[in-house]
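Visitor: Pasting a structure here, questions to come.
The values are calculated or read from the model by the stated rules, or taken from the named source; none is laboratory data. The structure presented is a predicted model; accordingly, all values stated were derived computationally and were not measured. Please note: Cβ atoms are built from the backbone with ideal geometry, for glycine as well, and neighbour counts cover all protein chains shown.
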Amino acid sequence: MLYLIGVNHGIQRPFRYELDEFEYYSDEEKKIFFGYIENQVAKLNNISFIAEEFSEDAKKHKLPKFSINFTLLENLTKNIELEHIFIDPSIEERKIIGIPSREEIKITLDIRGVVYKDSAEDNQIKEEQRKYDPIRENFWVYKIKPKLNNNENGLVIIGSDHIKTFPILLESKNIHNKIIEKSWHYL
């Protein structure tokens, strides 16, 4: 069984950096999220792994001082002794499965220069990126499948924008799942 929690990806980073494209979360909110996940693991049935929509490559920022060594969930799994799995494809895996980079999409759309967050150009790029979500979501299944073959239960943390489509894909592959939270947020 897979238990799904939708999030804003900003909550996965241990700290905010000035170029963060995601919503800002305070240290207090991150502690609350950490506790929330710990409680879910304790409450749910025999969780053996936590998988998150993130990759090793996503930890490496193009500006080294903004790179991170671990995600919040990666750190949590060490504390509670669970396996951690990054399910999003790496840069190399994206090339192999046919998902263009943001820069490649920018070129295809003939967008030049700096693209500001939430600008018309940024929204156009994001819309084009969403066309590749089915490929990414199938890749996530590929990454998780070995655990399911062993009848293991997992907690899967994904972007809230996938919480409608990913469960449908899982059901189509006879993978039992339950949405725990459509879009976690600090109240």
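Visitor: I'm checking my understanding of the structure. Among residues of region 37-68 that are of a type in the set (S, T, Y) and at pLDDT 75 or above, which one is surrounded by the fewest Cβ atoms within 10 Å (Cβ to Cβ)?
Guide: Looking at the filtered set, the residue picked out is S48.
Visitor: I'm trying to understand the selection: among the residues of region 70-102, which are part of a helix (DSSP H, G or I) and either of a type in the set (S, T, N, Q) or touching a residue at least 60 places away in the same chain (Cβ under 8 Å) (or both)?
Guide: To start, the set of residues in region 70-102 that are part of a helix (DSSP H, G or I) comprises 72-80, 91-97, 102.
The answer is L72, L73, N75, T77, N79.
Visitor: If you take the residues in region 140-187 that are in a helix (DSSP H, G or I) and touching a helix residue (DSSP H, G or I) at 6+ places or on another chain (Cβ under 6 Å), which one is farthest from D110 (Cα to Cα)?
Guide: Let us first name the residues in region 140-187 that are in a helix (DSSP H, G or I), namely 140-149, 160-162, 165-172.
Applying the additional criterion that residues be touching a helix residue (DSSP H, G or I) at 6+ places or on another chain (Cβ under 6 Å) yields 166, 169.
Details: F166: 31, L169: 33 Å.
In this case the residue turns out to be L169.
Visitor: Give the residues of region 142-158 that are touching a residue at least 60 places away in the same chain (Cβ under 8 Å) and more than 22 Å from K43 (Cα to Cα), sorted by residue number.
Guide: K143
Visitor: Follow-up question, since we're still on this one. How about region 103-115: which of its residues are without any contact (Cβ under 8 Å) to a residue 12 or more places away in the chain and more than 19 Å from I135 (Cβ to Cβ)?
Guide: I107, D110, R112, G113, V114, V115
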